[in-house]
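The block underneath contains the structure these notes are about, expressed in structure tokens.
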Amino acid sequence: MAALNINGKTVEVKAPPEMPLLWVLRDLLHLRGAKYGCGIAQCRACTVHLNGEATPSCVLPIAALDGKAQVVSIEGLKGRVAEAVQAAWVELDVAQCGYCQAGQVMGAVALLRRNPKPDDGAIDDAMSAHLCRCGTYPRIRAAIHLAAQRLK
């Protein structure tokens, strides 16, 4: 039994300590926004915020969370920055197939919370680990710029 702080609530889950957080979220807690893409933290479709940092959940064993870590999934994402990013995503029609988009949004929100005025280089650095099979990178970058502009 593990106690986890997920989206601001403490939840008890019955899972082996080596079980990746992604599977706890999807299979045990039925929070299916984070996606399984590669299983080796190379695509970031599974990104969540761990203590405010964008983190791949597919390789993160729940034992590493030690009951003190704050995990936010796309379902629990809120606040001014999150709202600006989500609105920009919709306005610029960023998603194509949509599979990677929860991870992309989580990465973009973490970036803008850390750097509210990123240039193209900062966006590329922060988002380079997030893979999009559909190639919506120009729209992703434009949406991050739009969200940043609206947060002034």
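As an exercise: evaluate Glu83 against (1) assigned to a loop (DSSP other than H, G, I, E, B); (2) of a type outside the set (Lys, Arg); (3) surrounded by fewer than 23 Cβ atoms within 10 Å (Cβ to Cβ) and give the number of the one condition it does not meet. (1) is the only condition that Glu83 fails. The sole residue among Ala41, Ala95, Ala69, Ala54 that is closer than 24 Å to Ile6 by Cα, touching a helix residue (DSSP H, G or I) at 6+ places or on another chain (Cβ under 9 Å) and among the aliphatic types (A, V, I, L, M) is Ala54. Applying the condition of being among the small types (Gly, Ala, Ser) and closer than 16 Å to Val72 by Cα to the stretch 1-29 and asking which residue is surrounded by the most Cβ atoms within 10 Å (Cβ to Cβ) yields Ala3.
Conditions tested, residue by residue: (1) outside any loop (DSSP other than H, G, I, E, B); (2) touching a residue at least 40 places away in the same chain (Cβ under 8 Å); (3) in the same structural domain as Pro118 (by TED's automatic domain parsing); (4) not basic (Lys, Arg).
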| residue | (1), (2), (3), (4) |
| --- | --- |
| Leu22 | yes, no, no, yes |
| His30 | no, no, no, yes |
| Gly33 | no, yes, no, yes |
| Gln42 | no, yes, no, yes |
| Cys58 | no, no, no, yes |
| Lys68 | no, yes, no, no |
| Gly98 | no, no, yes, yes |
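For Arg139, the requirement of being surrounded by fewer than 17 Cβ atoms within 10 Å (Cβ to Cβ) and more than 29 Å from Glu12 (Cα to Cα) is not met.
Taken across the stretch 101-120, residues that are of a type in the set (A, V, I, L, M), out of contact with any strand residue (DSSP E or B) (no Cβ under 8 Å at 6 or more places or on another chain), within 19 Å of Asn7 (Cβ to Cβ) and not in a strand (DSSP E or B) do occur, with at least one present.
The values are calculated or read from the model by the stated rules, or taken from the named source; none is laboratory data. Predicted model only: the values in this text are computed from it and were never measured. Using ideal geometry, Cβ is built from the backbone for each residue, glycine included, and neighbour counts are taken over all protein chains shown.
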